[in-house]
Structures are given as structure tokens and as C-alpha cells.
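Trainee: Pasting in a structure now, in C-alpha cells, and then I'll have a few things to ask.
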Amino acid sequence: MKKFTVALLYNLKASAPHAANDEPWDKWNELDSERTVAGIERALRAGGHEVIAMEGDVTLPQKLARYQVDIAFNTCEGFRGGSREAQVPAILDALGVPYTGSGVMTLALALDKAMTKRVMAFYGLPVPAGQTFITGDERIDARLKFPLFIKPSREGSGMGVSAKSVVRNARELRDQVKFIIQAYDGPALAEEFIEGREFTLGMLGNLTADERFPRNGSWEASSLRVFPPLEVDLSPCPPEEAGLYTSVIKGKLYEVPKYLCPAPISKTMRAKMERYAIGAFAALECYDFARVDFRIRADTNQPYILEINPLAGLQEGISDIVMQAEADGINYIALINGILEAAAKRAGLI
Ligand SMILES: Nc1ncnc2c1ncn2[C@@H]1O[C@H](COP(=O)(O)OP(=O)(O)OP(=O)(O)O)[C@@H](O)[C@H]1O
Ligand SMILES: [Mg+2]
């Protein structure tokens, strides 16, 4: 591949604007660690690129003006605001700097799980029924059946997900919804609780214009590579985590679950989830890479899409998409450079 000068953009956990009051311990879990950034930087250098790493904050235009960069490698989750993952891409668009990964609209949309589900449902993709709570006092949609699952609508990394997320009646729902709204400073989502095994599928590349729409109600991809599904077997985790992929497991006990990739599932089920994952990538107009999380409902064997992560974590040896790529023979260096290459192609740089 051609060699580029790459601006590696990140938002470090260490730079988060911590409030003086008592924040939940997982409030900034989405942000990058120095280790993740160093790993991506090493991988890009191993690809022969020159790397200039910098915090993607409000001074980004001034910092970027000092260099001649060809492209940015964006990992910025943003510090504040309902559409914070879209802020750095918006700055880059305004400056005319091409970047890796999805664009402004997709990142703003995907950060809101409820809005994302509405878009996916338009194409008939299977998503759990749900309701958004902005104040917590809204009338509960009578079509929703308990038990329900409560989570922040605009967070990730399992933030706000614990055994208390599963609620059995209106009182528990109100308590948990109010806690989430207050603690994470944004809307709460109540959705159908999907009891069953947990999977995630990673993708690398892009769809052709034709593949961005379903054909005969289904989805295919020629140059978007779908990695083998990874099952997160939560059975070795402490019972307090209630069989959920909680913030405690994602943040502190990530070595405890069994990560099975390729997941032990039938060919038919794998093909079904692959089609849905491509459909989600297409529906959200994602670029370059993304990861889609699923649960398969135990009683009906129907897979449900929980969410799509267009800025999936890229920590070497740890992040789900990194394990999925490895199971497909793509090592970390190839994955990171593959993301860069996909973006460079879109930008017409190669
Ligand atoms: N509707 C649901 N039914 C059952 N479990 C759920 C449901 N929604 C979420 N979960 C559980 O909570 C976990 C986190 O949910 P989800 O993937 O939506 O959020 P996230 O925190 O954004 O994750 P990520 O780290 O992938 O960004 C899931 O992996 C699953 O274990
Ligand atoms: Mg998830």
C-alpha cells in the first residue's frame, strides 16, 4: 500500500472532564487507554506510515494546521454531548481531511441505540421492541412485556449494564430508568429482555453501492469481509453479573468469559447472523469497519441485533473485533492497516 502521513486521533480516559460529584465508576469506560493508542500507532508504523498522534479535542483544527496529513485514523468517542462520536468527524469534514470509519450521520445515529433500532426496523432487521425514556416519567408503552432490559441509550462498553438492568415490574423500571438518566446524563432505553446466548460479528471493508440495499429482502457483500462470529460465553462469570455482559466484565473481568471464535453454532445460524450484520452495516451507512452485537433468544432460536458499533474498540489482543479478525487469519497489524486502506480507497487516495 502507498505510505501516508496519518493523524491518529484519540480521546484518552485520562483527559476526560471528570465532574467533582460522585460519578459512576464506569462513566468514562468508552474512552481510550494509552495502551490502545500505542497499539494502533505501532501497527500503522509497521504498515510503513508516518504517524502523528493527538487528542481529538476542540483545539484539533489548530493542531492539524501544523502538519500536512493525508488522512486521519479516528478513534474519538468524544467527551460530551448527545452526538459526541460525530464531533471529530464533523471537524475533519469541515477541514477536508479524510478519515477512517463511518461519517458524522452514522456515528451520531449509532450512538443512540433507540434511533438505530428504528432505522434497522425499516429494513426488517430483527431488533428487540423498546421505548425511550427522557425524563423517566413517561407513560410505559403497554405493548412491552416484562421482564425488560434497561440501559443508557447513548453509551457503550457495557456502561450502566448490571444485574439491576433486568426489571420485572413498573416500579423497578422507574427506579432503574431514573438512575440511568441521572448517572449517565442522557436518555434510558427499555427493551424486550432477550434471554439467550451472546454473539458479536465484526466486519472490515465496504459495500458496493448496490449492496447498500436489500435484494429480495436479504443482504450480500462482496468486498465487505465478515469475520467469524464470536460467542461470549458468560457462564464462568460471577453470578452477581446475572449472565449479562456488564460494565464490570467489560472493564475489570474481561479475562473471565470464554471467547469462542468461530462460535459453535450451525452453518445456517451463522449465515443468518452474517446477513443481518451486513444489513445493519448497510442500514446505518457504515464505512470501513464495524461490529454488530446479537443475542439469540433461547426459546425461539431467533437472533436479535442489540446494537451496531461503528467505532468498535481496537485494543490489541483484547477487543472483540481484534479476536474476530485473528480467527480469520488477519493479525492486528493487518486489521489496523486494512481499516486505513479501506478509508484511503474511499477517499480516492489509492
Ligand atoms: N435487550 C437485551 N436483552 C438481554 N440482554 C441485553 C439486552 N440489551 C443489552 N443486553 C446485555 O447488555 C450488554 C451490553 O449491551 P449493548 O451491547 O447494547 O451495550 P454496550 O454497552 O453499548 O456494548 P458495547 O461495549 O458493545 O459498546 C449486552 O452485551 C447484553 O449482555
Ligand atoms: Mg454491545
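The values are calculated or read from the model by the stated rules, or taken from the named source; none is laboratory data. Owing to the predicted nature of the structure, the values given are computational and were not obtained by experimental measurement. Here the Cβ positions follow ideal geometry from the backbone for every residue, glycine too, while neighbour counts run over all protein chains shown. Note: accessible area is taken over every heavy atom of the protein model, side chains too, but ligands, DNA and RNA are not part of it. Shrake-Rupley method; radii C 1.70, N 1.55, O 1.52, S 1.80 Å.
Trainee: Determine the order of LYS145, LYS178, LYS117 by accessible area, beginning with the largest, at a probe radius of 1.4 Å.
Mentor: Values: LYS145 140, LYS178 90, LYS117 15 Å².
In descending accessible area the options line up as LYS145, LYS178, LYS117.
Trainee: Rounded to the nearest 10 degrees, what's the angle between the helix 113-122 long axis and the longest principal axis of the chain, both from Cα atoms, 0 to 90?
Mentor: Helix 113-122 sits at roughly 90 degrees to that axis.
Trainee: Using modelled amide H (1.01 Å from N, peptide plane; none on Pro or chain starts), what sits under 5 Å from the amide H of GLN302, excluding residues fewer than 5 places away?
Mentor: Excluding prolines and chain starts, which carry no amide H, the hits are ARG297.
Trainee: Same structure, new question: If DNA, RNA and ligands are ignored and the probe is 1.4 Å, what is the ranking of SER153, SER15, SER235 by accessible area, most exposed first?
Mentor: SER235, SER15, SER153
Trainee: How would the range 249-318 be classified by its alpha-carbon gyration tensor: rounded, prolate or oblate, with rounded meaning a/c under 1.5 and the a/b versus b/c comparison settling the rest?
Mentor: Working: a/c = 1.85, a/b = 1.10, b/c = 1.69.
Judged from the Cα gyration tensor, the range 249-318 comes out oblate (a/c at least 1.5, b/c at or above a/b).
Trainee: OK, next. Out of MET105, MET120, MET203, any idea which swings most in a Gaussian network model of the chain, alpha carbons joined below 10 Å?
Mentor: MET105
Trainee: Relative contact order, percent, of the chain when contacts are C-alpha pairs under 8 Å separated by at least 6 residues?
Mentor: Numbers: 703 pairs, mean separation 69.7, N = 350.
Dividing the mean separation by the residue count of the chain yields 20 percent.
Trainee: Write down the accessible area per residue of the chain in Å², having rolled a 1.4 Å probe over the full set of protein chains.
Mentor: On the way: 15480 Å² over 350 residues.
That works out to 44 Å² per residue.
Trainee: Now a separate question. Amide H of GLY103: which non-local residues (sequence gap of 5 or more, or other chain) have their own amide H closer than 5 Å, using H built in the peptide plane?
Mentor: TYR287
Trainee: Let me ask something additional. Could you put VAL248, VAL88 in order of accessible surface area, largest first, with the 1.4 Å probe and the full protein assembly present? Walk me through the intermediate numbers first.
Mentor: Working: VAL248 40, VAL88 10 Å².
The ordering from most to least exposed comes out as VAL248, VAL88.
Trainee: Residues in the range 165-201 near a label at ASP22, defined as backbone nitrogen under 14 Å from the 7 Å Cα→Cβ point?
Mentor: 183
Trainee: Determine the shape class of the range 256-296: with a ≥ b ≥ c the square roots of the Cα gyration tensor eigenvalues, call it rounded for a/c under 1.5, and otherwise prolate if a/b is greater than b/c, oblate otherwise. Could the numbers behind the result be given before it?
Mentor: Numbers: a/c = 2.58, a/b = 1.51, b/c = 1.71.
Because a/c hits 1.5 or more and a/b fails to exceed b/c, the range 256-296 counts as oblate.
Trainee: Here's something else I'd like to know. I'd like the carbon and sulfur percentage of the solvent accessible area for the chain, probe radius 1.4 Å, heavy atoms only, ligands and nucleic acids excluded. If you can, show how the numbers build up before the last one.
Mentor: Numbers: 7980 of 15480 Å².
Its accessible area is 52 percent carbon and sulfur atoms.
Trainee: Would you grab the residues whose amide H sits under 5 Å from the one on GLY205? Only those 5+ places off in sequence or on another chain, please, with H modelled 1.01 Å from N.
Mentor: It is ARG225, ASP288, PHE289, by chain and number.
Trainee: Give me a comma-separated list of calculated 3J(HN,Hα) values for the range 53-70, in order, Karplus coefficients 6.51, -1.76, 1.60 applied at θ = phi - 60°, integers in Hz, x for any Gly or Pro.
Mentor: 9, 7, 5, x, 10, 5, 8, 3, x, 5, 5, 5, 4, 7, 10, 9, 9, 7
Trainee: Still on this structure, please answer the following. Once the Cα atoms of helix 34-46 and of the chain are each reduced to a long axis, what angle between those two axes, in degrees from 0 to 90 to the nearest 10, is obtained?
Mentor: 40 degrees
Trainee: Positive end of the charge dipole of the range 5-101 (Lys, Arg +1 and Asp, Glu -1 on Cβ, about the Cα centre): tell me which of ALA86, VAL69, TYR99 has its Cα farthest that way.
Mentor: Value: VAL69.
Trainee: In the structure displayed, which of LYS178/LYS258; LYS113/LYS272; LYS13/LYS345 lie more than 24 Å apart, Cα to Cα?
Mentor: Numbers: LYS178/LYS258 33 Å; LYS113/LYS272 22 Å; LYS13/LYS345 31 Å.
Going by Cα-Cα distance, LYS178/LYS258; LYS13/LYS345 fall outside the 24 Å limit.
Trainee: Is the C-alpha gyration tensor of the range 21-100 telling us rounded, prolate or oblate? Criteria: a/c under 1.5 is rounded; beyond that, a/b larger than b/c is prolate, otherwise oblate. Can you show the working numbers first?
Mentor: Numbers: a/c = 2.38, a/b = 1.34, b/c = 1.77.
Cα axes put the range 21-100 in the oblate bin.
Trainee: Same structure, new question: Loop only per DSSP, at most 16 neighbouring Cβ atoms within 10 Å: give me the trypsin sites (Lys or Arg not before Pro) in the range 3-73, ordered by residue number.
Mentor: Details: sites: LYS3, LYS13, LYS27, ARG35, ARG42, ARG45, LYS63, ARG66; in loops: LYS3, LYS27, ARG66.
Qualifying residues, ordered by number: LYS3, ARG66.
Trainee: From the backbone phi of the range 300-305, what are the Karplus-calculated ³J(HN,Hα) couplings (6.51 cos²θ - 1.76 cosθ + 1.60, θ = phi - 60°) in whole Hz, Gly and Pro given as x?
Mentor: Running phi through 6.51 cos²θ - 1.76 cosθ + 1.60 with θ = phi - 60° gives 10, 6, 9, x, 10, 7 Hz.
Trainee: Cut-off 10 angstrom, C-alpha nodes, Gaussian network model of the chain. Which of PRO126, PRO236, PRO257 fluctuates the most?
Mentor: PRO236
Trainee: Once phi is turned into θ = phi - 60°, what whole-Hz ³J(HN,Hα) does the Karplus curve with 6.51, -1.76 and 1.60 give for every residue of the range 320-331, x standing for Gly and Pro?
Mentor: 3, 5, 5, 5, 5, 5, 4, 5, 9, x, 10, 7
Trainee: Given the DSSP H assignment, sum -39500 (n - 2.57) over each helix run of at least 4 residues in the chain and divide by its residue total; what's the result at 222 nm in deg cm²/dmol, nearest 500? Kindly include the intermediate steps, with their values, before the conclusion.
Mentor: On the way: 10 runs with 106 residues, N = 350.
About -9000 deg cm²/dmol.
Trainee: Also, quick follow-up: How much of the DSSP beta bridge set in the chain is antiparallel, as a percent to the nearest 5? If you can, show how the numbers build up before the last one.
Mentor: Numbers: 37 of 49 bridges.
Just about 75 percent of them are antiparallel.
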